[in-house]
Every structure is written in structure tokens, then in C-alpha cells.
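Here, each number is a calculation from the coordinates, and none is a lab measurement. This one's a predicted model, so the numbers in the text were calculated from it and none came from an experiment. Heads up, the Cβs are rebuilt from the backbone with ideal geometry, glycines too, and the neighbour counts pull from every protein chain shown.
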Amino acid sequence: MLHIARFIRNTPAKGLQAYFQGNGFPTSDIDWEGQETRLGAPLFKAVDALDDDRRAVLLVDAGRIDGMTDELGQEAMWSVVRDQELFGNLENAHDRATWLFLHDPEAFQRAEEIRYTDSHRLGRMWDGFVGPPQAMVSMDSEHHRQFETRIRDLFRTGQVKVEVYHRTRAHLDEESRLVQVMVYREGLPDSFLEFQEGELARRNRRPVLEFALTYQPEDGVIEVISQGRESREDIVRMFAETLLQTPIQTARVPLRRYDLASLANPRDFPTDPEDGIESVKVVMLQLQPLDHGPERITFETNRRTDQSLYERLWDWFERNNPLTGDFRIQIAKISVRFHPEKGGRQGKVLTIRLALPNGCNLKGTTDKDGQGIVMAAPLARKEFQLILEICEQPMPRVGGAVMADHFPEAREPLLKSKALSQGPLQTVVPDRTNHEGRTVEAQWDDEHRCYRYFSVDHGGWVRVPEEDLRTYTKKCIG
């Protein structure tokens, strides 16, 4: 019922009316013209009066709508919606998801597929391969049938359906143009119990399984999202040979590799007061023998204790401390505690989990030049720089804060989420007076009403050009 409650409480009255009346739900007792804040109670009463079948329909629909209200879902819908002006004028995320669900079910399903694909990027279901750049994905139905036939043979399955469409993926202030391929195949036979006329009966079925590919013509990268890693290389090769009409060697895209060695010793995590961070602590380390044996040793401490994990290890092991021996750090957890918000008693705690070779619970992607990283979580600028430092990631082209005066609608929610702090806005921009690709921190000059930075090479203050200001949007928040 959680999805139903979120759907009713967050969707404006106009959207709720369109959904309930458009789907034939009994709502004759609902005063749709009355105060919107009073709609909740009568709607929940109407939901309680529904029979099981109608409530099940509402539960599924509300779950689908609610599932598209996060950032990934909103971006996915923006990439498929036709009337973007109307869509952009809707009140909130639930209003937009409800509108698309009702007015363009096909686009809504496509957005769900895009969200599914992007939410699994760089995870266990993901692999990336080097493909030919600037190739054309065939829209020829015969090539699609060839791909379906080869998938059918690979999985020894019955029915296969392939859908190919163009889409975009938001990146910084730009959009990458992609082609996405959804593949639906018939799974192995399965059975389940159900009631039929009051008696238990077993029904057989063949579930539909799905996987997705994306192709980015700009750099030729082919990404695949599927459950079985052993089949991904074959899938990508078949895709290239049938839909790209180009054989490839299926070389995997190299991922960033973290270096956690700096956490073997106590270290400071400097923060600024405006970041609102009270403390940063290493609270867990998992060690692996250097001979790569299967054993693991995990040391974890309560983040509330005054004694650090390193002090604990010294108390326990003294000179036999495993951090100084034949072990390497495989996984680390870092606890970031924020100061309480005004009127609050406890501050938010963010736990960052880093694992070799490139695992991170704050999912991120590198930019197309491999020079930047974008985190999909609201972190303060110093936290973000801290993660980059720990993982030995380069700082160029990483925006540290929102140019909020260019995006006024974003300022208040960003302040509330602590992704942006009160005070002078700052951001990292390229130093155009330096030829080594160096970045510098720009500051807002209230007197001259511009952003500027001090250049050592230039010997003075340099105004940040407009093209660099547009480079750093709210997507650059660490």
C-alpha cells in the first residue's frame, strides 16, 4: 500500500482525477473541486472499498508511477516525451509520471525500460565493450529478425522480440545520443499455485526475460545489461554483426580502478564549515591476503565510538597489526556525519562503501574523455573531492557546486539536501590561461557581478567565460 499512499499524497488533484475517473474507479463521493489537502481521506476510503481485483490494478499502476519519480525516472521520461513544454509545466515528479502514464502508455513503458537500463549501469549486470564509432544501427526488419534468430539459438528458447529506438542520456549539461535495444525472450517453463473456484490449482507458464543494449555512436561504446555475464560477449558480437553490420573483437571497456592503500594508515579528512560536516571516519575495512587467497578479514567499529578503527586495531594486535602485514584493503566504509539541521537533534549520516576494483555505493560514471566523474547522490563539494582523492581520481572537469544563480529553481532543494551550502557560491572551472589542463576554483565577484579566478600564469584575476559557466550544472554535484 506504500505506493498507493505516495501516489495519492504526492499527485496533484487534477492528475488524481484523470487517473481514477479515466480508469473507471468509483469516485462519485469525491469533491475534486474542493481543497486539495482534503482529498486524501476520501480517496483512501474509496481505495479501502475496492474489491481485490480493482485494488490490485491500482497497486500495480501506483507502483509503476511512483517508480518513475526519482531522478533516473524523470530523466528517462524527459528523453521520450513528445510535448516537452507541457510536460515541463506540470507541478511535480508524480504529476509528470501520472500524465505520461495516462496520455502515452507506450512512451511511459519505454521510459521504464530506459530507467531499468541506466539504473543498472556499472553494476553486476553491466558490461561495456569497445565498438565501432559513428556506425548506424539498422532499422531494417530483416536485420532485426537475424538478431532475434541468433538470440533464440544462443539461449535455446522459443519466442524472441527485439525493439530498437533512439534515446538520450543526460550528462553534465549535455545529452548523449544513444540507440537502445530491448530484447525479450521466452524463459524456461515455470509453474505456480493459485486458487481456482476455491481450490488450489497449479498453472504453468513461460516467463518473459529481458535484457538491454545501448550503442553510443559518438565513441562506439556498446553496453549490455543482462543477468548472465557469460553470455554478454556473445550478445554484443551478435548485435554488432546483425544490427551494426560490422564484426568486432568484443574488447571490454576498461573501468576505473580504485586504490584504497591510503586507508591503511590514519588520515585526516579536511572539511570546511560551510559543508556542514561534523566528522568523517573510516568505520570498516575488509582485508584480503596479498596472495589473493579466498579468505577475508573484516574489522568494523561503531561510528559512535570515540576510538578510531586504527586505534582499535593497535590495541588488539599491536605490532602484528594486519594493516602493516601481508594484506591489502579490499573494501572500506567511510561514515560522513553532518551537523543537525536547524531545530533537529541528529544530523544525517552518509555511509560511503568503496570496494576493489571499482565498486561504490554512490553510483557514478566517467565522462566521455575519462577526465571527470559524476556521482548520483547529493554530496557536499568537499565530500566529493574526498572520494576522488581516496580513489586517486583526477580533478579536471569536475564541477564542485551548482551555479545556482543560473538555475534559481534548483537552489532551495539543493540547500535543503546539503548539496549546496549557504554563502559564496564556488565551482571548479578550467584555467584558460594554463595549457596543462589545470582547473581552479572560481569565486563570485559581487562588485563586478561575474565569476572569476586568480591565474598565476596571467598574474591576476580572470573572468570566467560564459561557455565555462554553462558547463557546470546541477548534474555536477558531488
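With contacts taken as Cα pairs under 8 Å at a separation of at least 6 residues, segment 112-188 carries a relative contact order of 23 percent. With N denoting the number of residues in segment 261-365, provide Rg(C-alpha) divided by 2.2 N^0.38 Å, to two decimal places. My calculation over the Cα atoms of segment 261-365 gives 1.19.
Which of the GluC sites (Glu not before Pro) across segment 205-271 are loop residues per DSSP, with 13 or fewer other Cβ within 10 Å?
On the way: sites: GLU210, GLU218, GLU223, GLU230, GLU233, GLU241; in loops: GLU218.
Sites meeting the loop and neighbour criteria: GLU218.
If you put +1 on each Lys and Arg Cβ and -1 on each Asp and Glu Cβ, how big is the dipole of segment 126-242 around its Cα centre, in Debye rounded to 20?
400
Distance between the C-alpha centres of segment 20-66 and segment 270-338: 50 Å, rounded to the whole angstrom.
At each listed q (0.14, 0.19 Å⁻¹), what is the log10 of I(q)/I(0) that the Debye formula gives for segment 2-119 modelled as equal alpha-carbon point scatterers? The Debye formula, applied to the Cα set alone, gives -0.56, -0.99.
Packing, taken as the mean count of other beta carbons within 10 Å per residue, orders the peptides 340-349, 92-101 from highest to lowest as 92-101, 340-349.
For segment 156-207, trypsin sites (Lys or Arg not before Pro) are listed when DSSP marks them as loop and at most 15 other Cβ atoms sit within 10 Å of their Cβ; the list is ARG156.
The dipole here belongs to segment 261-365: it is taken about the Cα centre, uses +1 on the Cβ of Lys and Arg and -1 on the Cβ of Asp and Glu, and is about 400 debye.
Taking a ≥ b ≥ c as the square roots of the eigenvalues of the Cα gyration tensor of segment 1-49, is the shape rounded (a/c under 1.5), prolate (a/b larger than b/c) or oblate? Verdict is rounded for segment 1-49. Comparing Cα centroids, segment 165-222 and segment 105-150 end up 10 angstrom apart. Each Lys and Arg Cβ is given +1 and each Asp and Glu Cβ -1; about its Cα centre, segment 2-119 then shows a dipole of about 180 debye. Sorting LEU90, LEU287, LEU188 by the number of Cβ atoms found within 10 Å of their own Cβ, with the fewest placed first, yields LEU188, LEU90, LEU287.
Each of ARG337, ARG124, ARG463 was scored by other Cβ atoms within 10 Å of its Cβ. Arranged with the fewest first, they read ARG124, ARG463, ARG337. For segment 126-242, the spherically averaged projection of the C-alpha convex hull amounts to 9.8 nm².
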